[in-house]
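Student: One structure coming up, written as structure tokens, with questions to follow.
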Amino acid sequence: MPTPPSDSRDAGVPLIFELGRRGRANRYLEEGKPLDAFLPRPVLRDELPLPDNSELDVVRHYTKLSQRTFGIDLGFYPLGSCTMKYNPRVNDAIVAVPAFAQLHPFTPDDLAQGALMVMYELERSLSSLFGMAAFSLNPSAGAHAELGALLIAKKYFKERGETLRDKVIVPDTAHGTNPASAAMCGFSVISLPSDERGRVGVAEIRKVLGPDTAVCMMTNPNTLGLFEESIAEIAAAVHEVGGLMYYDGANANAIMGYTRPGDMGFDLMHLNTHKTFTIPHGGGGAGHGPLGVAAHLTEYLPTPVVTREDSMLRLDFDRPKSIGPMRSFWSNFAHAARALAYLYANGAEGLKRVSALAVLNANYVRVKVAEFLETPYAEPCRHEFVASAQTLKREHGVRALDLAKALLDHGYMAPTIYFPLIVPECLMIEPTETESKETLDAFVAALRSIVETAKRDPEALFAAPLTTVVGRVDETRAARQPDLRWRPSAEGAATRIP
Amino acid sequence: MAQPEDLLFSKEHEWVKLDGDTATIGITDYAQNALGDIVYVELPKVGATIKQFSPVGVIESVKAVSDLFTPLSGEVLAINDALENDPAAVNREPYGGGWLLKLRVADPNEAKTLLPPADYEKIATE
């Protein structure tokens, strides 16, 4: 089988900038006044080579690109740590109704009661499901909510005169965004090693707690897919020294209806609407990260907050202790509507079933994979588990990276690899709740055959993937010599505006 | 592989070569192998005073971003500028051209807390 070119441009689809001719775009409206009638001359950038393509060419271009990519609509997507669950289409249908889709953000509150009810109901539902006093729907991503939570913590301590609290404790089983958010807020980070069972120990955390403790950020279940059994004692110890507990909700898909961060002793938390409920994933597009707080922190939530007086709902901006808005307007309202649709469609019992099936599927795959790969923490997991290619690497030179690339040839998205950092040659697998037993069996069989190939003929895996549109990319070169911007060729792009 | 005999090691996989009161510091062959292809190295400023076992820089590979810890305290005398354009030298020659920084050692006694080659070998082959 020939190795396909590893650069997508060589493989047949030119960039949109390289297509088209000047004047080709379909013009449905008469040409208006020149741009400098609206904008000051210095902000207009004539040098930008904007593409000028016909509508049909644009449709074909993006349809071709969509056919060259992979997503959950095409196949199994066992990415660990960032839950990539299926988004039921009904949730998109709900937000497409004109009453939501065409509502202007400046509609007065009394004419937007339906939309405000969506925000209010979602806020109340999340508070109940996760045991918090209140949520803000303002942040537009999980890490954005993390930042908001730490700004709240900072303001809370400042107002209490406890300005010496500058340490944030982050276990080594946490998500990479946690130390980043802490650093953004000017905290210094203490990394806490997990024990041999992959948990944070109470004795271990006590060693780093003190009058300078601000926040302890934990994920539960953690990024090994393991439940932190000592969470109540850990929370008590942090509270004893006056610190706050932060729950990273990245793994909340494992616990819905079974336990609540509020009951575990957390004061602050975030959710990723795409991980736990339903909205499109990643791609840098519009996201949604609800931020939850316990009763003593509700006054600090970002503005606006939807409040209810008698039967009227309104957006409340008059909150003197608030950290202020994290986003323009009312954040990504359509995502709030999708999330509420998901909650209503499942109901309390349905959400418990979501988490139960996510955990069951992960354990089913874990036990099967343990027959041919190491699973360093051999005990029932929650919604995800880690396997390791350490022995394969030592004995056959085949790394987790090679296994992941070979999975692409079998029509699967690769799992997360090399995370968490505490497991060498790590593969982190999360099937989610919507996959059938047949899909999981087929995935396990594919991985098993790849591991058998690795032992018999390791060389065969080093060039994988061979059947995908883009072959093995040179990640090292991409990182060492990044080339992030298209530039017109020497003779100038055909579409370049003079 | 066996560790070079004239070096001392930290548990965090750094090596130290002592020459009078000057120490040259790098990461071990085991460390570069575990990190994979290194794409970026961030080092402290020349003249900075650094404290033993504290994070003083960052090593970024295609797999992960890791803190660099200094195995000894002292004043930074030099950093390996060549790594800016050629971070792969740490992979190619971890004990040679891939050195990271040179220190004026503040406290010679700290070297006693580091590991001789045979002891480090045990950690690296665990």
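The values are calculated or read from the model by the stated rules, or taken from the named source; none is laboratory data. Not measured: the values here are computed from a predicted model. Counting neighbours? That spans all protein chains shown, and the Cβs are built from the backbone with ideal geometry, glycine included.
Student: For residues in region A:385-435 being of a type in the set (Phe, Trp, Tyr) and modelled with pLDDT under 95, which is nearest to A:Phe462 (Cα to Cα)? Full working, then the answer.
Tutor: Initial filter on region A:385-435 (of a type in the set (Phe, Trp, Tyr)): A:385, A:412, A:418-419.
Checking which are modelled with pLDDT under 95 leaves us with A:418-419.
Numbers: A:Tyr418: 17, A:Phe419: 21 Å.
It comes out as A:Tyr418.
Student: Go through (1) exposed (fewer than 14 other Cβ atoms within 10 Å of the Cβ); (2) more than 23 Å from A:Arg394 (Cβ to Cβ); (3) under 15 Å from the mean Cα position of the chain (by Cα) for B:Arg92 and report which single condition fails.
Tutor: Tallying (1) exposed (fewer than 14 other Cβ atoms within 10 Å of the Cβ); (2) more than 23 Å from A:Arg394 (Cβ to Cβ); (3) under 15 Å from the mean Cα position of the chain (by Cα), B:Arg92 fails exactly one: (2).
Student: While we're looking at this one, here's another question. Is there a residue being away from every other protein chain (no Cβ under 14 Å) and of a type in the set (Lys, Arg) anywhere in region A:436-450?
Tutor: Looking only at region A:436-450, we keep the residues that are away from every other protein chain (no Cβ under 14 Å), and these are A:436-450.
Add one more test, that the residue is of a type in the set (Lys, Arg), and what stays is A:437, A:448.
Yes, region A:436-450 contains a residue that is away from every other protein chain (no Cβ under 14 Å) and of a type in the set (Lys, Arg).
Student: Can A:Glu430 be described as more than 14 Å from chain B (Cβ to nearest Cβ), touching a Cys at 6+ places or on another chain (Cβ under 9 Å) and either within 13 Å of A:Gln390 (Cα to Cα) or surrounded by 21 or more Cβ atoms within 10 Å (Cβ to Cβ) (or both)?
Tutor: Values: more than 14 Å from chain B (Cβ to nearest Cβ): yes; touching a Cys at 6+ places or on another chain (Cβ under 9 Å): yes; either within 13 Å of A:Gln390 (Cα to Cα) or surrounded by 21 or more Cβ atoms within 10 Å (Cβ to Cβ) (or both): yes.
For A:Glu430, the condition - more than 14 Å from chain B (Cβ to nearest Cβ), touching a Cys at 6+ places or on another chain (Cβ under 9 Å) and either within 13 Å of A:Gln390 (Cα to Cα) or surrounded by 21 or more Cβ atoms within 10 Å (Cβ to Cβ) (or both) - is met.
Student: While we're on this one: Out of all the residues in region A:404-427, which are more than 14 Å from chain B (Cβ to nearest Cβ) and more than 21 Å from the chain's Cα centre (by Cα)?
Tutor: Once the filter is applied, which keeps residues that are more than 14 Å from chain B (Cβ to nearest Cβ) and more than 21 Å from the chain's Cα centre (by Cα), region A:404-427 yields A:Ala406, A:Leu407, A:Leu408, A:Asp409, A:His410, A:Gly411.
Student: Same structure, new question: Just one of the numbered conditions (1) closer than 20 Å to A:Ile152 by Cα; (2) out of contact with any Lys or Arg (no Cβ under 7 Å at 6 or more places or on another chain); (3) touching a residue at least 60 places away in the same chain (Cβ under 8 Å) is not true of A:Ala214; which one?
Tutor: For A:Ala214, the exception is condition (2).
Student: Can you find even one residue in region A:324-333 that is more than 16 Å from A:Ala134 (Cβ to Cβ), touching a His at 6+ places or on another chain (Cβ under 7 Å) and either of a type in the set (Val, Ile, Thr) or in contact (Cβ under 8 Å) with a residue 24 or more places away in the chain (or both)?
Tutor: Looking for residues that are more than 16 Å from A:Ala134 (Cβ to Cβ), touching a His at 6+ places or on another chain (Cβ under 7 Å) and either of a type in the set (Val, Ile, Thr) or in contact (Cβ under 8 Å) with a residue 24 or more places away in the chain (or both), one finds at least one in region A:324-333, hence yes.
Student: Okay, moving on. Checking A:Val238 against (1) surrounded by 24 or more Cβ atoms within 10 Å (Cβ to Cβ); (2) closer than 28 Å to A:Asp166 by Cβ; (3) within 26 Å of the chain's Cα centre (by Cα): exactly one of these is not met. Which one?
Tutor: A:Val238 satisfies all of (1) surrounded by 24 or more Cβ atoms within 10 Å (Cβ to Cβ); (2) closer than 28 Å to A:Asp166 by Cβ; (3) within 26 Å of the chain's Cα centre (by Cα) except (3).
Student: Residues of region A:53-75 being part of a helix (DSSP H, G or I), without any contact (Cβ under 8 Å) to a residue 24 or more places away in the chain and surrounded by fewer than 13 Cβ atoms within 10 Å (Cβ to Cβ), which ones? First the steps, then the outcome.
Tutor: The first filter runs over region A:53-75 and keeps only residues part of a helix (DSSP H, G or I), leaving A:55-67.
Applying the additional criterion that residues be without any contact (Cβ under 8 Å) to a residue 24 or more places away in the chain yields A:56, A:59-60, A:62-63, A:66-67.
Within region A:53-75, A:Leu56, A:Val59, A:Tyr62, A:Thr63, A:Ser66, A:Gln67 qualify.
Student: Still on this structure, I have one more. So, A:Gly186, is that one part of a loop (DSSP other than H, G, I, E, B), on the phi > 0 side of the Ramachandran plot, touching a residue at least 24 places away in the same chain (Cβ under 8 Å) and surrounded by fewer than 24 Cβ atoms within 10 Å (Cβ to Cβ) or not? Before the answer, list the steps.
Tutor: Details: part of a loop (DSSP other than H, G, I, E, B): yes; on the phi > 0 side of the Ramachandran plot: yes; touching a residue at least 24 places away in the same chain (Cβ under 8 Å): yes; surrounded by fewer than 24 Cβ atoms within 10 Å (Cβ to Cβ): yes.
Yes; evaluated as a whole, the condition is true for this residue.
Student: From (1) part of a loop (DSSP other than H, G, I, E, B); (2) in contact with a Phe, Trp or Tyr (Cβ under 6 Å, 6 or more places away or on another chain); (3) at pLDDT below 95, pick out the condition that doesn't hold for A:Thr163.
Tutor: So the condition that A:Thr163 fails would be (2).
Student: Which of the residues that make up region A:425-460 are in contact with a strand residue (DSSP E or B) (Cβ under 8 Å, 6 or more places away or on another chain) and hydrophobic (A, V, I, L, M, F, W, C)? Outline the logic, then answer.
Tutor: Keep residues of region A:425-460 that are in contact with a strand residue (DSSP E or B) (Cβ under 8 Å, 6 or more places away or on another chain), which gives A:425-430.
Matches in region A:425-460: A:Cys426, A:Leu427, A:Met428, A:Ile429.
Student: Let me ask something additional. Looking at B:Val90 and the list (1) within 14 Å of chain A (Cβ to nearest Cβ); (2) under 17 Å from B:Ala31 (Cβ atoms); (3) at pLDDT below 95, which single condition is not satisfied?
Tutor: Exception for B:Val90: condition (3).
Student: Shifting gears a bit: Could you list all residues from region A:456-490 that are closer than 28 Å to A:Glu371 by Cβ and either surrounded by 13 or more Cβ atoms within 10 Å (Cβ to Cβ) or touching a Phe, Trp or Tyr at 6+ places or on another chain (Cβ under 8 Å) (or both)?
Tutor: If we filter region A:456-490 for residues that are closer than 28 Å to A:Glu371 by Cβ, which is where we start, we get A:456-468, A:472.
Those that are closer than 28 Å to A:Glu371 by Cβ and either surrounded by 13 or more Cβ atoms within 10 Å (Cβ to Cβ) or touching a Phe, Trp or Tyr at 6+ places or on another chain (Cβ under 8 Å) (or both): A:Pro458, A:Ala460, A:Leu461, A:Phe462, A:Ala463, A:Ala464, A:Pro465, A:Leu466, A:Thr468, A:Arg472.
Student: For A:Arg382, indicate whether it is touching a residue at least 12 places away in the same chain (Cβ under 8 Å), of a type in the set (Lys, Arg) and either touching a Gly at 6+ places or on another chain (Cβ under 7 Å) or more than 14 Å from chain B (Cβ to nearest Cβ) (or both). Working first, answer last.
Tutor: Numbers: touching a residue at least 12 places away in the same chain (Cβ under 8 Å): yes; of a type in the set (Lys, Arg): yes; either touching a Gly at 6+ places or on another chain (Cβ under 7 Å) or more than 14 Å from chain B (Cβ to nearest Cβ) (or both): yes.
The answer is yes for A:Arg382.
Student: When both residues are 6+ apart or on different chains and their Cβ atoms are under 8 Å apart, which pairs have a first residue that lies in region B:34-50 and is within 11 Å of chain A (Cβ to nearest Cβ) and in a strand (DSSP E or B), and a second that is surrounded by 15 or more Cβ atoms within 10 Å (Cβ to Cβ) and hydrophobic (A, V, I, L, M, F, W, C)?
Tutor: That search, which allows pairs on different chains as well, returns B:Ile38/B:Ile59; B:Ile38/B:Ala88; B:Ile38/B:Val90; B:Val39/A:Ala479; B:Val39/B:Val62; B:Tyr40/A:Ala479; B:Tyr40/B:Ile59.
Student: Quick test for you: out of A:Leu35, A:Leu50, pick the one residue that is hydrophobic (A, V, I, L, M, F, W, C), free of Cβ contacts under 8 Å to residues at least 12 places away in the same chain and under 30 Å from A:Gly20 (Cβ atoms).
Tutor: Of A:Leu35, A:Leu50, the one residue that is hydrophobic (A, V, I, L, M, F, W, C), free of Cβ contacts under 8 Å to residues at least 12 places away in the same chain and under 30 Å from A:Gly20 (Cβ atoms) is A:Leu35.
Student: If you take just the helices (runs of 4 or more DSSP H) that sit entirely in region A:317-412, which of them hold at least 3 residues that are outside the structural domain of A:Asp195 (by TED's automatic domain parsing), out of contact with any Ser or Thr (no Cβ under 9 Å at 6 or more places or on another chain) and surrounded by fewer than 22 Cβ atoms within 10 Å (Cβ to Cβ)? First the steps, then the outcome.
Tutor: Details: elements: A:333-369, A:390-396, A:400-409.
Result: A:333-369, A:390-396.
Student: Just to be sure I understand, how many residues within region B:14-33 are surrounded by fewer than 17 Cβ atoms within 10 Å (Cβ to Cβ) and either within 14 Å of another protein chain (Cβ to nearest Cβ) or small (Gly, Ala, Ser) (or both)?
Tutor: Total meeting the criteria: 2.
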